[in-house]
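See structure below.
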Amino acid sequence: MDASAETVRSALLAWYDDHARRLPWRSPPGSPPPDPYRVWLSEVMLQQTTTAAVAPYYAKFLDRWPRIEDLAAAEDGDVMAAWAGLGYYARARNLLACARAVAARGGAFPATEAGLRALPGLGTYTAASVAAIAFGEAATVVDANVERVVARLFAIEEPLPAARKAIRAAAETLTPDERPGDFAQAMMDLGATICTARSPRCLLCPLADYCRGRTQEPERFPVKPARKARPLRSGRAWWVEAGGKVFLVTRPGKGMLGGMRALPDDGWSARGDGDHLPPLDGPWRHLGTVRHGFSHFDLDLQLMLYSGDNCSRLSLNGEWWPLDRIDDAGLPTLFARAARFALADQGEDQGA
DNA sequence: GACCCGTGGGG
DNA sequence: TCCCCAAGGGT
């Protein structure tokens, strides 16, 4: 049952040679890695995000900003708009800060895990993955996939998050000096395609013979604490339209959807009594409610249409955005959905 | 360690 | 429908 680390490494790399996923930001097994800019860009996008969601964004960013100097020179708003829909917008702010920091040192990333870790937006995982994949450093890469694979391989009973220490220690015993980048990606591929969270395919697993968890119920690992229920908040957003344009604001740099273009809203506080007043004295018409799920709460956003005839006294700073280019506004998903709702409502009025 | 921070897909 | 989850980082 137990096997040497070398046995496990060899079995996994052999499996990877035949079964590696082909992804736009990845080189085939055993071949030279993509340049660090591409590795870094993909790794940041992949934080808490599926490969399918990342692919079109990765292509778009690389096409628009082929080198890190191009990204470093971009306008903040353009980068935020290009990130719209991908979520966790602090990543985009950190991406730009990191690009500028690297450009300032001549465009070359630090080539070590410790050096990478000091850059904005690179935490334990991303620093290790870029070091291993782009620079061939024998860094131990632990993401949710590796966590699951290792917890099962060693049948770690301790629940998360306390188990992270033991999981990392176990993972470190496996990390190879040769092909550390391939090894890291192999572990992640195994977790994504074989050792999945539900219904793991143990019959296809190259590590099945060495897995302690398999003799129990592999789905048990890693043991996780119960999840808290998501509360429901409510709020209002204001749709003000004139001359074929809609009034948009840019949200503050920090907090929810920070730095993103948006509809004006009332702040959707926890109790649903948002404190921001409407940007115009009425009349307002209730268009409908958009329910949206965020990471830690659900939101019922009531969409209010300004139905008066004098927009000249708007009390907010913002910009008038052409409705026929609303898809280019870079609205995060919540407000993109609200905008579609408002435009569909108008379509119905015209049809009726 | 706890909490904040998005979104879309799959079972 | 609902719940879970994903190549996590910052504070």
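The values are calculated or read from the model by the stated rules, or taken from the named source; none is laboratory data. Please read all numbers here as calculations on a predicted model, not as lab measurements. Cβ sites come from the backbone with ideal geometry, for glycine too, and all protein chains shown count toward neighbours. Only protein heavy atoms, including side chains, enter the accessible area calculation; ligands, DNA and RNA are left aside. Shrake-Rupley method; radii C 1.70, N 1.55, O 1.52, S 1.80 Å.
So here's what we get for this one:
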| item | result |
| --- | --- |
| Ranked order, A:311, A:98 - accessible area, probe 1.4 Å, largest first | A:311, A:98 |
| Area accessible to solvent at residue A:217, 1.4 Å probe radius, in Å² | 110 |
| Residue-normalised accessible area of chain A, given per residue in Å² at a 1.4 Å probe | 49 |
| Linear extension gain, residue A:118 paired with residue A:198, 0.36 nm per residue minus alpha-carbon span | 25.3 nm |
| Prolate/oblate/rounded call for chain A, Cα gyration tensor, a/c under 1.5 rounded | prolate |
| Accessible area (Å², 1.4 Å probe, nearest 10) - residue A:42 | 0 |
| Cα lying deepest toward the dipole's positive end in chain A, options A:124, A:206, A:218, charges on Cβ | A:218 |
| Region A:41-46 - phi-based ³J(HN,Hα) in whole Hz, Karplus 6.51/-1.76/1.60, Gly and Pro as x | 4, 5, 5, 5, 5, 7 |
| Positive minus negative residues near residue A:111 (Lys, Arg vs Asp, Glu; Cβ under 15 Å) | -1 |
| Residue A:45 - accessible surface, heavy atoms, 1.4 Å probe, Å² rounded to 10 | 0 |
| Region A:232-351 shape via C-alpha gyration tensor axes, a/c threshold 1.5 | rounded |
| Computed lengthening from residue A:165 to residue A:228, 0.36 nm per intervening residue step minus Cα-Cα distance | 20.3 nm |
| Whole-Hz couplings from phi, Karplus 6.51/-1.76/1.60, listed for region A:141-151; x for Gly and Pro | 9, 10, 10, 5, 5, 4, 4, 5, 4, 5, 4 |
| Computed [θ] at 222 nm, helices only, for chain A once each DSSP H run of length n ≥ 4 contributes -39500 (n - 2.57) | -12000 deg cm²/dmol |
| Contact order normalised by residue count of region A:169-286, Cα under 8 Å, 6+ apart, percent | 16 |
| Heavy-atom SASA rank of A:224, A:60 (probe 1.4 Å, accessible area, largest first) | A:224, A:60 |
| Accessible-area order (highest first, 1.4 angstrom probe) of the listed residues A:26, A:38 | A:38, A:26 |
| Accessible-area composition of chain A, carbon plus sulfur, in percent [1.4 Å probe] | 50 |
